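Take a look at the structure set out below.
Values in this text are rule-based calculations from the coordinates and carry no lab data. Just so we're clear, the structure is a prediction, and the values are computed from it rather than from any experiment. Ideal geometry is used to build each Cβ from the backbone, glycine not excepted, and the neighbour counts take in all protein chains shown.
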Amino acid sequence: MKTFKRNAVIITVVLFVCAAAYLNWSYNRGDDAGNMEEGASAGVQDGAVGEDIPVEGELFYTLERTPVAGASEDAGASADFFSMTRINRKQARDAAVETLAAVNASEGASQEIIDEAMSKLTGIAGSSEKEAEVESLILAKGFDDCVVFISEDGVKVTVPAPMEGLSSVDVARITDIITSETDYEASSLQIIEVK
């Protein structure tokens with residue numbers, strides 16, 4: 001009975017990871033076809049690199065600006081950056097899932113180790129699914145592309161930005177999605193602009 005429960009949980013986690021990967025792929029495929037509208041930008045620069053931005057008296061987010069290596073306003077290089085980031089995230093998750101599944105299947109593992117591995121597998125599956133959902137919502141708000149990383153420490157959102165930086169409206173859109181769709185507060189959000 002114990003083996004059946006363990007196998008059922010593993011299958012459920014694997015299904016969640018597969019569903020998240022499919023959702024991510026389907027949203028990215030729609031992006032490549034040019035179905036997304038370009039977001040409106042008010043052209044207001046919010047702050048300097050690494051600066052915490054207060055909005056209405058509360059810490060809103062941390063802003064970072066990351067130039068794409070070798071890209072000078074080339075949209076193709078930016079798209080490659082986001083594609084490679086998604087691939088790297090998926091490979092890291094797949095490796096973690098494989099390792100945790102091996103620990104779980106190990107005959108000599110204690111129940112405590114198996115329970116911890118199952119908890120981490122469930123967390124990975126939940127994060128993957130939530131990242132795909134949040135990415136699709138951000139794309140629906142008019143951004144060309146994005147990659148979301150959800151961890152225990154907070155949420156990192158990487159988005160393409162114009163040279164003058166994201167407008168306060170764009171930042172508010174992203175923050176609203178993160179705070180409404182996850183359990184994280186705005187202070188746990190880090191927005192990374194890719195130029």
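What's the FRET efficiency of residue 111 with residue 185 using the Cβ-Cβ distance as r and R₀ = 30 Å, to the nearest 0.05?
0.30
Among residues other than residue 182 whose Cβ falls under 11 Å from its Cβ, what is the net charge (Lys/Arg +1, Asp/Glu -1)?
-4
In nm, to one decimal, how far is the residue 140 label point from the residue 122 one, both placed 7 Å along Cα→Cβ?
2.7
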